[in-house]
Structure formats: C-alpha cells, structure tokens
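The values are calculated or read from the model by the stated rules, or taken from the named source; none is laboratory data. Small disclaimer: the values here were computed from a predicted structure and weren't measured. Don't worry about glycine lacking a Cβ; one is built from the backbone with ideal geometry, like all the others, and counts go over all protein chains shown.
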Amino acid sequence: MSKVTELPTGKRTAKYRFFEMLPASLSYIMLALLIILSAINPIAASVYILVIVIMNLVKAVGIAFRTVQGYKLLKKGVRVDWHKRFLELEDAAGSYDRLAGTKSEAYGHKEHLRNLCKIAASEEGYFPKPSQIYHAIIVTMYNETLDVLAPTLDSVVDTTFDKDHIILVLAYEERGGEAAEKVAKTLERNYRKKFGEFILAKHPDGIKGEVIGKGGNITNAGKVLKEYVREKGLRYSDVIVTTLDSDNRPHKVYFDQVAYEYIVHEDRKRLSYQPVSLFTNNIWDAPAVTRVVAQMNSFWNIISAMRPHTLRNFASHSQPLDALVEMNFWSTHTIVEDGHQYWRSLFYFDGDYEVLPIRAPIYQDAVLSDNLWKTLKAQWVQLRRWDYGASDVAYVGNYLFSKKRTVPLSSLVPKFIRLLDGHVTLAAIAPIIAFGGWIPLIFNYQSRDLISHNLPTVVSYVQTVAALGIFISLILSIKMLPPKPARYKRARHIMMVLQWILSPVISIIYCSFCAYYSQTRLATGLYMEKFDVTDKAVKK
C-alpha cells in the first residue's frame, strides 16, 4: 500500500507548475478563443458559441431532473427510523426472522432485509455490532460566539444516536486568544454531561509547515482523539469521525444512518460518508444575493448525491478513525482540506476508495455579516476559497504522470478530466453564455453575415428553454425553506421568489469571477495559504 502523497510546500517542480497553471490557462483560452474566432471567422465563432450554449441547455435539463430526483430521495431518507434499523443489526438473525415477509414503503426496506440476511449468515465478528460503534464529532471554532456554537451542539444532542457513545471534540485555535478559550470552557461546562465524553483540543499557533487553516486544527484534534481512544482501550475501527464547522447542524437521523452504512459495508475502512449540505439555517435573515448563492450550493449538493461516481468530500463528512490514523488525518498544507481529502484517500488506498452518499442533510449557514457590504465581501471570500480547490488539479495531474502511481489509469484519467473540466467551465461558461452571442456581431456588424446577426436571438431562445432549470430551482427553494421567523411578514415570501432574477449576475460575479481569481492566483504562484474564516453573524 502506498504512503500518503502530501502537497508540496515551497518551490514546485516544472511539471507541478505546469498543472498549477493549466486551469487558468484553459479558462482564459476559452474566452480568448471567442474573441479570436469572432475577428477572423464569425461562422466558426457562432458554431463555438452554439455548441457551448446547447451543452449548457442539456446540462440544465439534467440538473433540473437530478435536483427533483435527489430532493425526493432526501425526503424519503430522513423519514426512515434509522435508529431502529441500526439497533436491529445487533441481532441480525432475530431481526430478519421477525421482519422477513413484511412489506413496507419505507426507503430502503428491501435492502435492509438483505443486509440483515447477509450479517446473519456471516461468521461471528465479521461485521461489528452496533453496541461497539462510537461517533467522534470534531466541532471546529476560531472566533465564533456562543450564539453560533450552542445551536450546533444542541443539534448533536437532539440526534437519535446514543449520546453515551458520542465523543465530542471541540477543536479551537490558540490564535483565537482569550475569547476563544472562554467560549470553549463555557461550552465544556454546559455540555460535558450530555455526551459520553467532551474533549477540548487546542490547536497551537505557528506550527512550522502548516498553512493557517482548518486542516491543521482538525488534524490536531484527531491526534488528541487518537490518544483518548487508545487510553480507553477502544479499537480505532469502532470509531467513526465526523467533522463539523461551527454552524453545522446535523439532521437527527444522520449519525444513526452513517453508523448503519458503516456496519453493513464490508469495505468500510475505504469509504467516507458524505451528507447533503443545505445552507438554510439562517436563510430568512441573509440578503438576497447570499440567499441565492446558498440555495444554488444546496441544489448542487443534492445533485452530487445523485452521482456517486463523481461524489467527493465536501465540508462536513465522516470517515473511520483507523483510516484517518493511517493517513495522518487531514492535510495541513491546504485551505481546502475537505475536497483534498478525497484525492489523498484515493491515492493512499490505491484507487480503492469511494464516497458514499448519505440521504440526510447537515444544515449550514448562508453567509451573513454585520451589514450588507461586509456580507457581500464575506461571500466573495468564501467562494474564492472553495474555488481554490483548483489546486487539486496539479496534485492529481502530478500523481497521474508519476512513476509511483498505484491507481489504475482507466480509473484516474476520467476523474482528472472531470476535475479539470469542472473548474474550467465554472470560470468560463457563464460570461460566454451571457455575452458570447453578441461578440461575433460586434466584430462583424458591417457584414451581411446572417449567422452573426441572428446569433443573439438564437442564444436567447435556447436560454429561455434553459430557464426551466431556474424555475424548478425556484419551486424547490420554497419547499426547502425552514419555518419563517415571526419577525418577518408574509411579504418576505415574495422576496424569496424575486431573488432569482439575480441568478445570471450572481453566476458571473460570484461564480465565474471568483473562479478566475483563485485560478489566477494559483497560476502566478501567489498561493492562498491562509484560511479566511467566513463571517457567521446571528440575528436575534
């Protein structure tokens, strides 16, 4: 088995720099090609634009379908009594005898019977028992207040999983100063009796070789957890680790569902478990721009859960402690440790690694700061950090062409292409669709070229059809809203509908421009090596 391949620090090799410059190069080439073709061959430019627009139409139809399908499955998944199913695995043979022949419309009932049968027929000890399983939950904080963190811990208390088997690790930063120390001690005092164990893990400041970010904090917490588990005589393989940001609130069935899936999958060590991140905690309080961004991200996470072959770690996720110990936890060299963990795990397990979708959400905050300007700026900062995931293109490309590669080419090449394509299209497609139809006409206004003159109209018609996706998103966004706070009038619902008018502008400013910014920083060697914490304000 290969060792963990870490991100480089300091000077990169020429090959690595090539791949770091690749996303930005391709993103800019897509825009430049539009200008160049419009100047020398308007017909070729028109074909180029139409191909992109039609591909976007096909993608929009697919996204609309997958969003509806994923939302329905998510609703079915959270209606299941996962705690009951989880406990039924303790005596699989008895549970199967009792349930065999019964019919149920509940999500996954037939699969549950097959799992009970499989476990009952196996040798004793081959599958872990529910009574052996512990959840270790690492909650990260930097400078957040009790108003933000207390609801997160309350949501963990409200889950259906046995609290005596929950180890809560509060990972806080030394650089947070006395204020962070005070908040951490207050939370320990208020919640230590509500879990099997409550551990404070202070991440020291200024560790050599670490970027300032979440990766170092949760890795430090993981090492503290490792020592606790060893001292208690528990097996690493019986502990599932979940990382939560300070504003993350898991659905009440999440931990039971993860523990259930962990037991019934034989390759459990080579799996991680990915919930659906929904940015709805404070959606009523956020301004229109960040509401749209938050709901777009929620839809994308729903869609991703419907495509397990492309699913990667994002934000909060769960992974067994034995795998994390072997891999030395998470990377401390990147500000996007969540998505990077997928590639790290894939390479460590020689390609035999998957992310399993969990049909339960973890609710997160939309970006919200003290005033509108700070909120808009904070949204930009958050998205440019996420878009810095383009740094994984170089990590994967360098490994792809390495003599030490142990992942089969047939598996890794498609993953690399999807990774690169995702970042390039995120940057380039929105401005091309928004303005591309007019570029050939501007360059050839005096000509009698019918294609250039009619292109804006054709693009407009195609985009009208593609707007079906926005309409479906609008309907689902209303369905997914949490209850309206009493401080808002019914007219607030109207704003929740009208906000989608902003989606084209948001796609360019907050999706495309942020992607170009992060890719350009990467290409020019101005590396982003500090995790900018997103503002989390609470309206009372």
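The table that follows gives values for the structure above.
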| item | result |
| --- | --- |
| Filter pass, Ala360 being assigned to a loop (DSSP other than H, G, I, E, B), within 22 Å of the chain's Cα centre (by Cα) and among the hydrophobic types (A, V, I, L, M, F, W, C) | no |
| Residue check for Ser304: in contact (Cβ under 8 Å) with a residue 60 or more places away in the chain and hydroxyl-bearing (Ser, Thr, Tyr) | no |
| Breaking point among (1) buried (at least 20 other Cβ atoms within 10 Å of the Cβ); (2) out of contact with any Gly (no Cβ under 9 Å at 6 or more places or on another chain); (3) at pLDDT below 95, for Lys208 | (1) |
| Verdict on Lys214 being over 25 Å from the mean Cα position of the chain (by Cα) and not acidic (Asp, Glu) | no |
| Asn301 over 30 Å from Leu376 (Cα atoms) and of a type in the set (S, T, N, Q) | no |
| Number of the condition not met by Met528 [criteria: (1) modelled with pLDDT of 90 or more; (2) assigned by TED's automatic domain parsing to the domain that holds Tyr28; (3) assigned to a loop (DSSP other than H, G, I, E, B)] | (2) |
| Counted residues, segment 59-75 - those being of a type in the set (D, E, K, R) and surrounded by 15 or more Cβ atoms within 10 Å (Cβ to Cβ) | 1 |
| Residue in segment 328-339 that is over 27 Å from Lys226 (Cα atoms) and outside the structural domain of Ser503 (by TED's automatic domain parsing) present | no |
| Residue in segment 507-523 that is modelled with pLDDT under 90 and over 27 Å from Tyr71 (Cβ atoms) present | no |
| Condition met for Thr160 (more than 18 Å from Asn282 (Cβ to Cβ), out of contact with any Phe, Trp or Tyr (no Cβ under 6 Å at 6 or more places or on another chain) and surrounded by 15 or more Cβ atoms within 10 Å (Cβ to Cβ)) | yes |
| Looking only at segment 138-173, and only at residues there that are of a type in the set (Asp, Glu) and either part of a strand (DSSP E or B) or modelled with pLDDT under 95 (or both), the one that is farthest from Pro320 (Cα to Cα) | Asp147 |
| The listed residue being crowded, with 17+ Cβ neighbours inside 10 Å and within 18 Å of Gly397 (Cβ to Cβ), out of Glu88, Glu6, Glu20 | Glu20 |
| Exclusive hit being farther than 30 Å from Arg12 by Cα, of a type outside the set (D, E, K, R) and free of Cβ contacts under 8 Å to residues at least 24 places away in the same chain, set Asn297, Asn281 | Asn297 |
| Of residues in segment 311-328 being outside any helix (DSSP H, G or I) and in contact with a Lys or Arg (Cβ under 7 Å, 6 or more places away or on another chain), the one modelled with the highest pLDDT | Pro320 |
| Where Leu400 falls short, out of the listed (1) modelled with pLDDT of 95 or more; (2) closer than 30 Å to Ala294 by Cα | (2) |
| Residues within segment 320-337 that are in contact (Cβ under 8 Å) with a residue 60 or more places away in the chain and farther than 16 Å from Ala394 by Cα, tallied | 10 |
| Extreme residue, surrounded by the fewest Cβ atoms within 10 Å (Cβ to Cβ), among residues of segment 29-43 that are without any contact (Cβ under 8 Å) to a residue 24 or more places away in the chain and farther than 12 Å from Phe443 by Cβ | Ala32 |
| Residue check, Met495 in contact (Cβ under 8 Å) with a residue 40 or more places away in the chain, out of contact with any helix residue (DSSP H, G or I) (no Cβ under 6 Å at 6 or more places or on another chain) and closer than 27 Å to Leu73 by Cα | no |
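Every residue, every condition in (1) closer than 16 Å to Gln132 by Cβ; (2) touching an Asp or Glu at 6+ places or on another chain (Cβ under 7 Å); (3) among the polar types (S, T, N, Q), yes or no:
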{"site": "Asn220", "(1), (2), (3)": "no, no, yes"}
{"site": "Lys226", "(1), (2), (3)": "no, no, no"}
{"site": "Val229", "(1), (2), (3)": "yes, no, no"}
{"site": "Asp245", "(1), (2), (3)": "no, no, no"}
{"site": "Arg249", "(1), (2), (3)": "no, no, no"}
{"site": "Ser272", "(1), (2), (3)": "no, no, yes"}
